[in-house]
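Beneath this line is the structure, given in C-alpha cells, with notes to follow.
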Amino acid sequence: MSPGFLLPAPDEDSSPFWEGCAAGELRIQTCTSCGRLRFPPRPVCPWCRSTECRWRVVSGRGTVWSHVVVHPPLLPAYAEQAPYNVVVVALDEDPTIRLVGNVVGAPGDRLDAIDPHSVAIGDPVEVVFDPVAEDIALPRWTRR
C-alpha cells in the first residue's frame, strides 16, 4: 500500500486484535467473568467491571448494519479510489459488536472494485484480511 494511508496504531489493549488480523483470524475480546464480547478492546468490562478477559476467534460473519459512499475531497491516498463504500458490520455472534470496514469483491481488491451503490443494509458479509503493512492486515468484507 502506498504512503499516506491511515494505519492503526496497536496498543496494549488492541494488540491481540491486530495480531489476529495479521494471522487471518477475527479475534474479539471476551470477558471471562460475564462472558460478553466487547469491542473496541478495553481494560475493563463495561457490563460487570471485571478486568479479566480472553480473546475469542469468531466466525467473521455478519450483516451490513450501516453504510455510506465516500466521495472526494479526501486524503490524497484515498482520493484515487473514490467513490467507495464504508460499512459498519454487526457480527453474527453478537449484533451489538460492530466493526467498520469496506465491502470488496475479493481480498486485495481496491476499495473501488465494486459499485459502492450496490451495498445495502442487511447484506450478509464475511471478513477477509488485506495486508497493508509488514505486520498489519485490515479486516474487510465480502458478500456471502
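The values are calculated or read from the model by the stated rules, or taken from the named source; none is laboratory data. None of the values given here were measured: they were computed from a predicted structure. Positions of Cβ are generated from backbone atoms using ideal geometry, with glycine treated the same way; all protein chains shown enter the neighbour counts.
Observations, loosely collected:
- Look at segment 113-136: where a residue is part of a helix (DSSP H, G or I) and of a type in the set (Ser, Thr, Tyr) and a partner is buried (at least 16 other Cβ atoms within 10 Å of the Cβ) and at pLDDT 95 or above, sitting 6+ places away or on another chain with Cβ atoms under 9 Å, you get SER118/ASN85; SER118/VAL103.
- Residue among ILE114, ILE121 that alone is hydrophobic (A, V, I, L, M, F, W, C), loosely packed, with under 15 Cβ neighbours inside 10 Å, farther than 19 Å from GLY24 by Cα and modelled with pLDDT of 95 or more: ILE121
- Test: residue in segment 62-73 that is part of a strand (DSSP E or B), in contact (Cβ under 8 Å) with a residue 60 or more places away in the chain and either of a type in the set (S, T, N, Q) or over 18 Å from PHE39 (Cα atoms) (or both): yes
- Residue satisfying condition, being more than 16 Å from the chain's Cα centre (by Cα) and of a type in the set (A, V, I, L, M, F, W, C), within set ILE97, ILE114, ILE136: ILE114
- Checked against the criterion of being surrounded by 17 or more Cβ atoms within 10 Å (Cβ to Cβ) and among the aromatic types (Phe, Trp, Tyr), the candidates TRP18, TRP47, TRP55 yield just one match: TRP18.
- Just one residue in the set PHE5, PHE17 is within 28 Å of ALA77 (Cα to Cα), of a type outside the set (Ser, Thr, Tyr) and at pLDDT 95 or above; that residue is PHE17.
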